[in-house]
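Reading through the structure tokens given below for one structure.
The values are calculated or read from the model by the stated rules, or taken from the named source; none is laboratory data. Nothing here was measured: the structure is a model prediction, and the numbers come from that model. Here the Cβ positions follow ideal geometry from the backbone for every residue, glycine too, while neighbour counts run over all protein chains shown.
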Amino acid sequence: MTLDRRKLADHAAGWGFAAPAVVLIGVFGLVPVVWSFALSFQHTDLTSPGTFAGGENYAKLVADPLFWDAARRTLVYVALFVPVTLALALPIAVMLNQRIRGVVLYRLAVSVPLVTSTVATGIMFSWLANPQFGLVNAALDAVGLPKQGFFSDPGQALFAVVAMTVWGWLGFAVIIYLAALQNVPRDLLEASSLDGCGRARSFWHVELPLVSPATGFLLVWLTINGLQLFDAVYVTTKGGPLRATTVLVYHLYNEAFVSFDGGYAAAIGCAVFVLIAAFTLLQLRFNRRSHYEVR
Amino acid sequence: MAHGRGLSRRTVLTMGAALVMTAACGTGSGGDGKVKVWHGYTDKEAAAFDKLAARWNTTHPDQQVELVFNGGNDNALQKTLASFASGNPPEVAYQYGSSITGLTGRPQTQDLTDLLRGDAAFGWDDLFPAGREAATVDGKIYGVPALVDNLSLVYNKKLFDEAEIAHPTESWTWDDFRSAARKLSGDGRFGWAYVNDGTEDTVWRFLALLWQAGGDLLAADGKKAAFDSDAGLQAMRLLRDMAVTDKSVYLDAGDQQYLNLFNSGRVAMLWTGPWDLGSINEDVSYGVQILPGRVTHATIAGPDTFVVFGDNGRTKALPFLKWLLSAEIHLEFAMETGHLPIRQSEVDLSGYAEFEAKYPGTKVFVDNLAKNVTKSRPNIPQYPKISQVLGTAVQSVLLGQAEPEAALAQSRGEVDQALAGS
Amino acid sequence: MRRPSALHLVLLPLSVVMVTPLVWMLLVSVSTQAESRRFPPGLPSGIEWENYLAAMRDAPLGSWLVNSFVVSVVCVAGNLVLCSLAGYAFARIRFLGGRVAFFLMLATLMVPFQIVMLPLLIMMRSLGLVDTLGALIAPNLATAFGVFLMRQFFTTLPRELEEAARIDGASRLRTLLQVLLPLMRPTLATLAVLTFLQTWNDFLWPLIVVQSPDAMTVQLGLQSFQGAHTTNWPKLMAGTVLSQLPVLLVFFFAQRFFVRSVAAAGIK
């Protein structure tokens, strides 16, 4: 524990480099977060001054079946959304990292959903998945498969939302993976192919480990955003049918905006926070371990 | 679709009475002394509104108004709340009727009861009741009506003729309606469309059915649910019979394709308001009739309100709003936009015949205002919660997932709980 | 690597699926209003350029685009500089409180924005930034997203590179600027593009913090094409296409930076 000169220099340098960003993010990010944490201990309907509520909002949370339903749906959603996106993105990124004709156009095409607004995406998907008149059911019908309800069917709506958001985030994940693959030294790949490593083996033994920081980043990032799913639900199902897509942040939105129970909504927000923080810590820890394996 | 936190489109903020309350409640009007009026009008509505405001400004140099687009009415409430927090609220903001209970009780929001009721020249009682009720909470008036709509039956004449069904009449019953819808269905076509997203869009059509059957949403004292009644059961059963048994109803999941389907001849009848008439394609010949009836032919109004904030709102903005709602000026606005008249005396003006000639489809809606808009949604803080509960109940019946009796019983329990809870 | 034909079989259909909405937007943007109001939809009978003219004529699209551009470019610059510095520090320097600071930074992303928005607004007010472009820039000048991204990618660079430079007597900053960052070009391009996108497409925050038309961004402004009850879809889509062209262009030109330069790739 002796703070020798070199360590002191490290502390100074570390903060010197990190301080500008940390200060900005701290001021504009952390202060509002702490503020909303304080709100979760108040009764506040937004139309009158808040009063101290102690743990009542949290007691209500524990007893609220809608909260638990929403939490369960959110977890189901994330458990599908994150792995499916990752599993699709990496092979696509590897393909787009090849020197083939037209690869720039393919990369652009894959990035289009990133550029497209959620509203336009929602309209498109509702339209394609319309049970009576949509293209997807027309295609199913043409090959003799039964028509589906998609967003209109309480049993399918959450999966339709998964499909839509995977589509929306795929380009993002592909871009991150592409950047990571670009960082993989090309001579390493070429060496492995000279060794007679098959394409598949080189993928498993060279590329996959080397993109693991990117995978770690995407895991955390997609989970953070997946657990806060709202927009895609708002523009397609409005939490329905029969609450089948009422995920946590949608429930929060209802409580905050529709019922004006601000303190309770803040408590839901804090529950979301705890959930995300737990996942993130877990993933960062796992991620760190996998780094050491690579080295 | 995008990454990151800031991208929530149309998401709603809200939170924090503490925040809102700690924020100073000043109502800063712009440095130029103009009072700000936030609105969501676009296209020809915006043009007509701009024109009137410009005229007002030339004659009222001390009470000039500045019209500011609010980013869309869907976001009006959250933007207004945010403006309280940022200490720079407008003097007037256009709000959906249901939003007013979220604004009353704040220091910015102004009680205008004396200024409006006490002003004989303005004629508060001449305004159609639906608009007045939407601006009133607990007997106090917080704004003036901006728009008063209601639902009527809009039908495709050609589809009726092809199926050799007589066009709807004023005395159409639920049975006539159901049987026509059934005959008009099949072969990729539906007799009726129902917005089934579980929001207020789902609920208000059900309320019209409930009232038609002679029922009511809440007991007279407003403390208990009253819709789990014989009338409520009849209304739910009609929905079940048509959607589940006859399959004559296109269930719109909320993407509002119903109107496009109507334009394409895939849906024969709509229960909708005058706002949709302008979007019906020219090649579709349509008729408008009052809603079918059971005990009554009740319909429901969907009023929007200009809510007034701050002292400048009372003194400088309210005179503008009063002028805007005077019979002659509002008729001028209606002529350019197709909005329904907002006060009874407007209909008696000599220029009104011209309005009727220009917008023939609106006559039924205007008559409705006087005859069939007999009840309104309760303006209480618990209404949004009640609406959510009922929306789910109606949805479960339409989807065939619950029997009418069970859906009513369950939602009654939840509504009673919401009413008792606060 | 030398069998492109097989990859095309996968990539071509994939691309079609990904660009569908863009194609749809383009189609609607040249339809007549009546055509846009049919369902199921059909192809437009002709090309209505008038929608584009109307979108440009009826609204100050130009000044909205300029505002969006200023905000996005400043935020991209801020993120490239600040997130590189911080990402490097978190990846490569063990310093007191570093890990706590890193986690707290991530923590700012874990509470739904709907809740933190009003506190943020009140802060903007005390800084006097409400209703200015500054309010759109300040919270996005450095993002936890950027720091996290850069930190992750710095860990992929071999440590030896840095150590060699340090032994030669180069300072940390010089090593970062002259040795490490040139290797990170694909990552920096990614950060730039994603930051640009995020600020360009942001809607909710501008909605509540901007009031006057002078400070409107293009996403906010486009709302004025969307009526309360009826929307002129062809005009809205024409405006949307116009507003997304710059983003696609940024993407297109960033492509060449996505590919690591030959010289950089030579370094081991």
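In segment B:1-96, which strands (runs of 3 or more DSSP E) lie fully inside it and hold 2 or more residues that are modelled with pLDDT of 90 or more, assigned by TED's automatic domain parsing to the domain that holds residue B:308 and within 25 Å of residue C:200 (Cα to Cα)?
B:35-39
Of the residues that sit in segment A:264-287 and are facing another protein chain (nearest Cβ under 8 Å) and β-branched (Val, Ile, Thr), which one is nearest to residue A:66 (Cα to Cα)?
Checking each candidate, the answer is A:272.
Run residue C:104 past the list (1) at pLDDT 90 or above; (2) surrounded by fewer than 24 Cβ atoms within 10 Å (Cβ to Cβ); (3) more than 7 Å from chain A (Cβ to nearest Cβ); (4) over 25 Å from residue A:231 (Cα atoms) and report the number of the one that doesn't hold.
That leaves (3) as the condition not met.
Which numbered condition trips up residue A:83, out of (1) assigned to a helix (DSSP H, G or I); (2) over 28 Å from residue C:150 (Cβ atoms); (3) more than 12 Å from every other protein chain (Cβ to nearest Cβ)?
Single failed check for residue A:83: (2).
Contact list please: Cβ distance under 6 Å, first residue in segment B:379-394 and farther than 27 Å from residue B:249 by Cβ, second residue assigned to a helix (DSSP H, G or I) and among the polar types (S, T, N, Q), pairs at least six apart or on different chains.
Correct list of pairs: B:381/B:101.
Only one of (1) within 24 Å of the chain's Cα centre (by Cα); (2) part of a helix (DSSP H, G or I); (3) closer than 25 Å to residue B:84 by Cβ fails for residue C:129. Which number is that?
(2)
Can you tell me which residues in segment A:106-121 are aliphatic (A, V, I, L, M) and facing chain C (nearest Cβ under 7 Å)?
Within segment A:106-121, A:108, A:109, A:110, A:112, A:114, A:115, A:120 qualify.
Give segment C:143-171 a look and list any residue that's closer than 18 Å to residue A:178 by Cα and of a type outside the set (S, T, N, Q), or say none.
Correct list: C:145, C:146, C:148, C:149, C:150, C:151, C:153, C:154, C:157.
Between B:76, B:85, which is buried (at least 19 other Cβ atoms within 10 Å of the Cβ) and free of Cβ contacts under 8 Å to residues at least 60 places away in the same chain?
B:76
If you go through segment C:256-266 one residue at a time, do you hit one that is at pLDDT 80 or above and polar (S, T, N, Q)?
no
Select from segment A:222-231 the residues that are facing another protein chain (nearest Cβ under 7 Å) and in a helix (DSSP H, G or I) and list them in ascending order.
Within segment A:222-231, A:224, A:225, A:231 meet the criteria.
So which of A:107, A:101 ends up being within 20 Å of residue C:247 (Cα to Cα), touching a helix residue (DSSP H, G or I) at 6+ places or on another chain (Cβ under 9 Å) and of a type in the set (D, E, K, R)?
None of the others qualify; the one that does is A:107.
Residues of segment A:29-54 being surrounded by fewer than 16 Cβ atoms within 10 Å (Cβ to Cβ) and at pLDDT below 85, which ones?
Passing the criteria: A:48, A:49, A:51.
Which one of these does residue A:261 not meet: (1) facing chain B (nearest Cβ under 10 Å); (2) closer than 30 Å to residue C:102 by Cα; (3) not polar (S, T, N, Q)?
(2)
All but one of (1) closer than 19 Å to residue B:79 by Cβ; (2) surrounded by fewer than 17 Cβ atoms within 10 Å (Cβ to Cβ) hold for residue C:124, so report the exception by its number.
If we test residue C:124 against (1) closer than 19 Å to residue B:79 by Cβ; (2) surrounded by fewer than 17 Cβ atoms within 10 Å (Cβ to Cβ), just (2) comes out false.
Please determine whether any residue of segment B:235-250 is under 24 Å from the mean Cα position of the chain (by Cα), modelled with pLDDT of 95 or more, within 14 Å of another protein chain (Cβ to nearest Cβ) and crowded, with 22+ Cβ neighbours inside 10 Å.
Yes, the conditions are met somewhere in segment B:235-250.
Looking at (1) more than 17 Å from the chain's Cα centre (by Cα); (2) crowded, with 20+ Cβ neighbours inside 10 Å, which one does residue A:113 not meet, given that it meets all the others?
(1)
Among the numbered criteria (1) outside the structural domain of residue B:126 (by TED's automatic domain parsing); (2) not hydrophobic (A, V, I, L, M, F, W, C); (3) not in a loop (DSSP other than H, G, I, E, B), which one does residue B:376 miss?
Unmet condition: (3).
Can you pull out the residues in segment A:232-256 that are part of a helix (DSSP H, G or I) and either touching a residue at least 40 places away in the same chain (Cβ under 8 Å) or within 9 Å of chain B (Cβ to nearest Cβ) (or both)?
Hits for segment A:232-256 are A:232, A:233, A:234, A:235, A:236, A:248, A:249, A:250, A:251, A:253, A:254, A:256.
Which of the following residues is of a type outside the set (A, V, I, L, M, F, W, C), at positive phi, within 13 Å of another protein chain (Cβ to nearest Cβ) and crowded, with 22+ Cβ neighbours inside 10 Å: B:254, B:265, B:338?
B:254
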